[in-house]
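The values are calculated or read from the model by the stated rules, or taken from the named source; none is laboratory data. In this text the structure is predicted, and so the values were computed from the model without any measurement. Reconstructed Cβ throughout: ideal geometry from the backbone, glycine too, with neighbour counts over all protein chains shown.
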């Protein structure tokens, strides 16, 4: 089979986990390694070789950087000394797999490196629609978008007119949750960590209200100001103190979709949540979910969301770091809220 | 209409809340008051006068003894200076209500007093089956039993062969949950606060395993010992540290029915729960519920449970305090785990 430009090998820069991380990750926890990759699939192998175009920075990756935790079934730890991995958008360079051919664009799990040799699995998806930005497949049209879609429709049981609160609302998942809730006819409030992000929520994504949690003395009071009658649905991305304040403001029969708890991932000991007894009084359903359980609905999701994107009724803000060499700082910035919108890395142009 | 013995009035001992309680309630928080009650319903009134035979001591009553808490919609506070109230079994003495007549037995909310004058509402039920102990209508055939039934079947979504953990397992609700789970073909473990209670769980109620939480250094280890493969269903009655340990042991797609958190009701500040992020990794559904939402299923519950009682396949242990004058110590003993089985008060014989 052919290889790009006829070269049989290429140098392959990789991002390696130096050692298990405790506390906030630092740039020095991730180191670069230049290796060589064979751009041709060995005869008889069903693997594919891909060139990575975009890589996604996601909060769950912090969990994988820590020591293996048997209670976190989802989050198999990265191996120190090896490349980290995550969702990416890639172009097939060579293929031994009958379903893939050179030039195909895919999204799914790949290494943090310029080229990856992978065995395709059911969570690698071929990209069919290329009239939308290809980078969207790291977020809006990839794992984050699917997370928002599954979490909102499958877990939150939303109804028109209900009140919805989204934390980390300008992030990869939150910005879509808010827009889905508006499409459903809900009243939607978001929290974020800067005034710039609050402005995005209100003026770009159409949230009814938004607040900067860093400027609120009392999160309970902030929520009471935005939700006079309480919260029907909370889309939980942060955990900790925000969850505690939300629990005091849930309405009867409220639902909490527990998508993530980014405020907790870097803590050696998790913050305690004190107001759980309100789930009894208010008959609250609190449900954790993981997007991979819903990937069978991916094409249904695409059919739903792509027309809204084409019509401009769903929009998406990305924060794009240029080049793999800026990947570590982009990923670490996520845990300090430096990203505005979906954080990703542009590794290579097609 | 006739009155008992032809007397028009009777003395009526009442149990009064002295003042809002903080921390653990003391006997001195409840005081007695002797008043006089008119045993005849005034002409034209639809009220009924009842003689209280049994009164139920329930953990939720502690919440009502505290200052009014707007976040606890369920738990309207008792008024200091007035009788406390709760579930009881009573006999109708006089009735102005077309659906009730003298001699009827009912269960539902009444004052902690010898006689109550009440306006029947949909959560007052007429007692039809009297071949079972009348006191059962304070527990097994009343609110606690209905709580176990609704919580287990409606919230836990149990399946044959699943693993079930029940805390406060020898209490009014727990003992029935365990027996329902055994009937369903589940593996059932309970925790309780004394070796006598643990013995009851294993030898009277048929739990597969049980442990005394006060003798365990490490609740996580105790649960791992009893559940090698983890917990599918947790019926939560206690909250706090036990919930934290359970969260570390939930299986994928596990369910937690949040029925009560008795370990927290007397604390000025609720303990923090630290392991909530596991609801994400394990896709756990945690759902609070309140039995009054399910009272429409009460007669279905009776049809289900009474045959098991008659056949001796469901059993129930009661801890009966004699006389209203022993009511305060019985109620307060509940928060120190002094009761063995369902705590109630025998106020009067028919």
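Listed values, structure above:
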| read-out | value |
| --- | --- |
| Any hit, region B:222-234, residues being crowded, with 19+ Cβ neighbours inside 10 Å, within 20 Å of the chain's Cα centre (by Cα), at pLDDT 95 or above and within 14 Å of another protein chain (Cβ to nearest Cβ) | yes |
| Check on residue A:288, on the phi > 0 side of the Ramachandran plot and either within 11 Å of chain B (Cβ to nearest Cβ) or at pLDDT below 95 (or both) | no |
| All positions within region B:248-285 that are more than 7 Å from chain A (Cβ to nearest Cβ) and either at positive phi or outside any loop (DSSP other than H, G, I, E, B) (or both) | B:250, B:251, B:253, B:254, B:255, B:256, B:257, B:262, B:263 |
| Residue in region B:43-59 that is within 14 Å of another protein chain (Cβ to nearest Cβ) and surrounded by 14 or more Cβ atoms within 10 Å (Cβ to Cβ) present | yes |
| Test for residue A:294: is it buried (at least 19 other Cβ atoms within 10 Å of the Cβ), in contact (Cβ under 8 Å) with a residue 60 or more places away in the chain, more than 7 Å from every other protein chain (Cβ to nearest Cβ) and over 30 Å from residue B:267 (Cβ atoms) | yes |
